[in-house]
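Colleague: My structure is below; once you've seen it, I'll send some questions.
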Amino acid sequence: MIDSKLSLKECISIEKHLYKGIGYKGKIHSYITQCEVGKIVQYMQALRKDEYYSNIKRTPWAKLMNLIFRRKHNRLGIKLGINIPINTFGKGLLIYHSQGIVVHKNARCGEFCKLHGLNCIGNKGIESGSRNTPTIGDNLDLGVGAVIIGGLVLGNNIKVGANTLVCHSFSENDITLVGVPARVLNNNN
């Protein structure tokens with residue numbers, strides 16, 4: 001949870017560095033070329049600033065800034081097809097492709113997660129608290145079209161293959177999940 005200027009700067013710095021690795025060349029280049037990666041970086045920065053201004057003491061200034069960044073977060077999200085609520089991911093979130101990314105507001109994901117597009121992290125249609133949404137460890141790598149639903153727990157360093165449906169807990173670390181429903185393919189060691 002981002003609740004200080006220091007944690008906000010750290011998170012934005014880490015994520016900007018990650019996006020440079022997949023082609024982000026800066027604001028001017030993104031503006032001129034209208035590249036998808038640049039738009040995703042703008043979305044991520046708006047998400048993180050929305051989190052910060054939502055989590056700090058509610059002064060009139062913070063309320064105004066929260067309104068500005070919540071609007072930017074929502075507008076870019078609609079444009080890109082991404083719906084990630086505040087306080088759901090730790091630092092280091094990397095989105096490779098936009099479109100079709102939906103995350104439930106009660107889902108909790110660790111640090112340095114990767115989303116490849118067309119992903120859903122949510123409940124099974126039962127809206128009664130956070131026990132019906134996933135709790136995910138650090139270093140999740142979620143393939144294209146992969147879905148994680150229900151009140152399950154996933155360990156650290158888990159790779160989920162393309163079009164995999166995860167609907168049961170896998171508390172082991174360092175595994176690869178594939179199939180519908182998901183099964184362990186191998187250990188990542």
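Colleague: Could you tell me which of LEU67, ILE14, MET44 has its Cα farthest along the dipole of region 5-83 towards the positive end, charges placed at Cβ (Lys, Arg +1; Asp, Glu -1), taken about the Cα centre?
Modeller: Selected residue: LEU67.
Colleague: For region 84-181, count the residues as N, evaluate 2.2 N^0.38 Å, and divide the Cα radius of gyration by that value, please. Numbers along the way, then the final one.
Modeller: Working: Rg = 11.7 Å, N = 98, 2.2 N^0.38 = 12.6 Å.
Here the answer is 0.93, to two decimals.
Colleague: From the convex hull of the Cα coordinates of region 5-83, what is the mean projected area in square nanometres? Please report the intermediate quantities before stating the final value.
Modeller: Details: hull surface 21.5 nm².
With the hull built on Cα positions only, its mean projection is 5.4 nm².
Colleague: In addition: Could you calculate, for the chain, the ratio of the Cα radius of gyration to the Kirkwood radius, expressed as Rg to Rh?
Modeller: Looking at the chain, the ratio lands at 0.97.
Colleague: Could you tell me which trypsin sites (Lys or Arg not before Pro) in region 55-115 are loop residues by DSSP with no more than 16 other beta carbons within 10 angstrom of their beta carbon?
Modeller: Working: sites: LYS57, ARG58, LYS63, ARG70, ARG71, LYS72, ARG75, LYS79, LYS91, LYS105, ARG108, LYS114; in loops: LYS57, ARG58, LYS91, LYS105.
Passing both the DSSP loop test and the Cβ count: LYS57, ARG58, LYS105.
Colleague: How big is the charge dipole of the chain about its Cα centre, in debye rounded to the nearest 20, if each Lys and Arg gets +1 on its Cβ and each Asp and Glu gets -1 on its Cβ?
Modeller: Values: 25 positive and 12 negative charges, 189 e Å.
Here the chain has a charge dipole of around 900 debye.
Colleague: Give me SER54, SER13 ranked fewest to most by other Cβ atoms within 10 Å of their Cβ, as a rough exposure proxy.
Modeller: Details: SER54 19, SER13 11.
Ordered by Cβ neighbours within 10 Å, fewest first: SER13, SER54.
Colleague: Give me the percent of DSSP beta bridges within the chain that run antiparallel, rounded to the nearest 5. Present the calculation step by step, with values, prior to reporting the outcome.
Modeller: Numbers: 4 of 28 bridges.
Beta bridges within the chain, antiparallel portion: roughly 15 percent.
Colleague: While we're here: Which whole-Hz ³J(HN,Hα) couplings does region 69-85 yield from phi under the Karplus relation 6.51 cos²θ - 1.76 cosθ + 1.60, θ = phi - 60°, glycine and proline marked x?
Modeller: 6, 5, 5, 5, 4, 5, 5, 5, x, 5, 5, 8, x, 10, 10, 10, x
Colleague: Given the -39500 (n - 2.57) contribution per DSSP H run of 4+ residues, what per-residue ellipticity at 222 nm results for the chain, rounded to the nearest 500 deg cm²/dmol? If you can, show how the numbers build up before the last one.
Modeller: Values: 4 runs with 64 residues, N = 189.
The helix-only estimate for the chain comes to -11000 deg cm²/dmol at 222 nm.
Colleague: Determine, for ILE22, ILE158, the number of other Cβ atoms within 10 Å of each Cβ, and report the residues in order from fewest to most.
Modeller: Values: ILE22 12, ILE158 26.
Sorted ascending by nearby Cβ count, the order is ILE22, ILE158.
Colleague: Compute the long axis of helix 36-55 from its Cα atoms, compare it with the longest principal axis of the Cα atoms of the chain, and write down the angle in degrees, 0 to 90, nearest 10.
Modeller: 80
Colleague: In straight Cα distance, which aspartates and glutamates are under 13 Å from LYS5, not counting same-chain residues fewer than 8 positions off?
Modeller: Those aspartates and glutamates meeting the cut-off are ASP50, GLU51.
Colleague: At a Cα cut-off below 24 Å, give the lysines reachable from LYS124, other chains included and same-chain residues fewer than 8 away excluded.
Modeller: Partners within reach: LYS105, LYS114, LYS159.
Colleague: What list do you get for LEU154, LEU185, LEU165 if you sort them by fewest beta carbons within 10 Å? Walk me through the intermediate numbers first.
Modeller: On the way: LEU154 26, LEU185 14, LEU165 17.
Least to most surrounded, the residues fall as LEU185, LEU165, LEU154.
Just so you know, all these numbers are worked out from the coordinates, no wet-lab data involved. Note that this is a predicted model, so its numbers are computed, not measured. Here the Cβ is made from the backbone with ideal geometry for all residues, glycine too, and neighbour counts use every protein chain on show.
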